[in-house]
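Only one structure is covered here, and it is reproduced in the block below.
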Amino acid sequence: MSSTRLLVLGVVRIFQPVHGYDVRRELLSWRVDQWANVAPGSIYNALKTLTKEKFLKVAGTDQVGGRPERTQYSLTADGEKEYQALLRATWWRVLPPLDDLMPALCFMPTLKQDELVAALEHRITALEGAIKHLEFSRKEIQPPDTPEHVKELYDRMRAHLASEIPWARTLIERLHKGVYQVGVTKPPPPARPPRGRRKSSA
């Protein structure tokens, strides 16, 4: 994933030369597994892949006590170019958000109204709780241990979560008004216009 590549390159760039363990620890302290869908194991895989692709290089190895030997990484010149390209591409690219709820919305008619309303009310409560959690976490950011701009990550996540609450409340109102037919075992397939035959160009 490009997000994992960018995060790994960026952290190595800040702390180079740096051990893979420290890259992983730093990224997990940013909670990337929550907001960037970066699995902890994928960080080591990214380090190996980026090294194989010549974007990172082994800057040395060392050993502390009886622990296994650890590899230090740093950026190559090509790695710096890759970092800059990924950073700018990510800033300028706008993609629709991926959400597990989207597939479920496709099959909303197969659930009964009371369950849909209860699920949406539960979702609103969960969203409000997640927002409160972000607000408390944001208050714990104390420079210079954590850069001031990290607060923007929390602000963006809060805005994203908060934007779903009005939609959920509106959908509850529509369900109560009977806008959608729900509680059907097997909804009919969407109507499709008949395919017209192509006219032959004689």
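The values are calculated or read from the model by the stated rules, or taken from the named source; none is laboratory data. Here the structure is a predicted model, which means the values were calculated and not measured. So basically every Cβ, Gly included, is an ideal-geometry build from the backbone, and we count neighbours across all protein chains shown.
Condition test on Tyr44, is it of a type in the set (Ser, Thr, Tyr), at pLDDT below 95 and in the same structural domain as Gly10 (by TED's automatic domain parsing)?
Against the criterion (of a type in the set (Ser, Thr, Tyr), at pLDDT below 95 and in the same structural domain as Gly10 (by TED's automatic domain parsing)), Tyr44 qualifies.
Residues to consider are Asp155, Asp145; find the one that is assigned to a loop (DSSP other than H, G, I, E, B) and either of a type in the set (Asp, Glu) or at pLDDT below 90 (or both). Quick ask: steps written out before the conclusion?
Details: Asp155 fails: assigned to a loop (DSSP other than H, G, I, E, B).
So the residue among Asp155, Asp145 that is assigned to a loop (DSSP other than H, G, I, E, B) and either of a type in the set (Asp, Glu) or at pLDDT below 90 (or both) is Asp145.
For segment 148-159, give me each residue that is of a type outside the set (A, V, I, L, M) and surrounded by 14 or more Cβ atoms within 10 Å (Cβ to Cβ).
Across segment 148-159, the qualifying residues are Lys151, Tyr154, Arg158.
Can you tell which of Pro103, Pro187 is more than 30 Å from Ile14 (Cα to Cα), at pLDDT below 95 and not in a helix (DSSP H, G or I)?
Just a single option satisfies the conditions, and that option is Pro187.
Based on this model, can you work out whether Ser74 counts as among the small types (Gly, Ala, Ser) and either free of Cβ contacts under 8 Å to residues at least 12 places away in the same chain or farther than 25 Å from Trp35 by Cα (or both)? First the steps, then the outcome.
Details: among the small types (Gly, Ala, Ser): yes; either free of Cβ contacts under 8 Å to residues at least 12 places away in the same chain or farther than 25 Å from Trp35 by Cα (or both): yes.
It is true that Ser74 is among the small types (Gly, Ala, Ser) and either free of Cβ contacts under 8 Å to residues at least 12 places away in the same chain or farther than 25 Å from Trp35 by Cα (or both).
Which pairs turn up if I take residues in segment 144-170 that are without any contact (Cβ under 8 Å) to a residue 24 or more places away in the chain and look for partners that are hydrophobic (A, V, I, L, M, F, W, C) with beta carbon separation below 8 Å, at least 6 apart in sequence or on another chain?
Glu148/Ile141; Lys151/Ile141; Tyr154/Leu134; Tyr154/Ile141
From the list Ile141, Ile165, which residue is in contact with a helix residue (DSSP H, G or I) (Cβ under 6 Å, 6 or more places away or on another chain), outside the structural domain of Trp30 (by TED's automatic domain parsing) and under 30 Å from Gln113 (Cβ atoms)?
The unique qualifying residue is Ile165.
Please give the number of the condition Gln72 fails out of (1) under 30 Å from Asp99 (Cα atoms); (2) in contact with a strand residue (DSSP E or B) (Cβ under 6 Å, 6 or more places away or on another chain); (3) not β-branched (Val, Ile, Thr).
(1)
When segment 1-53 is examined, which residues are found to be loosely packed, with under 14 Cβ neighbours inside 10 Å and not in a helix (DSSP H, G or I)?
If the condition is that a residue be loosely packed, with under 14 Cβ neighbours inside 10 Å and not in a helix (DSSP H, G or I), then Met1, Asn37, Ala39, Glu53 are the ones that fit.
Any residue at all in segment 60-78 that's surrounded by fewer than 15 Cβ atoms within 10 Å (Cβ to Cβ), touching a Phe, Trp or Tyr at 6+ places or on another chain (Cβ under 9 Å) and closer than 20 Å to Ser3 by Cβ?
Yes, segment 60-78 has at least one match.
Could you please find all residues in segment 171-180 being surrounded by 11 or more Cβ atoms within 10 Å (Cβ to Cβ) and either among the polar types (S, T, N, Q) or modelled with pLDDT under 95 (or both)?
Tyr180, the sole residue that qualifies.
For segment 131-147, name all the residues that are of a type in the set (A, V, I, L, M, F, W, C) and surrounded by 14 or more Cβ atoms within 10 Å (Cβ to Cβ).
Ile131, Leu134, Ile141
When the residues of segment 3-48 are narrowed to those that are touching an Asp or Glu at 6+ places or on another chain (Cβ under 8 Å) and charged (D, E, K, R), which ends up nearest to Thr76 (Cα to Cα)?
Filtering segment 3-48 for residues that are touching an Asp or Glu at 6+ places or on another chain (Cβ under 8 Å) and charged (D, E, K, R), the one nearest to Thr76 (Cα to Cα) comes out as Arg13.
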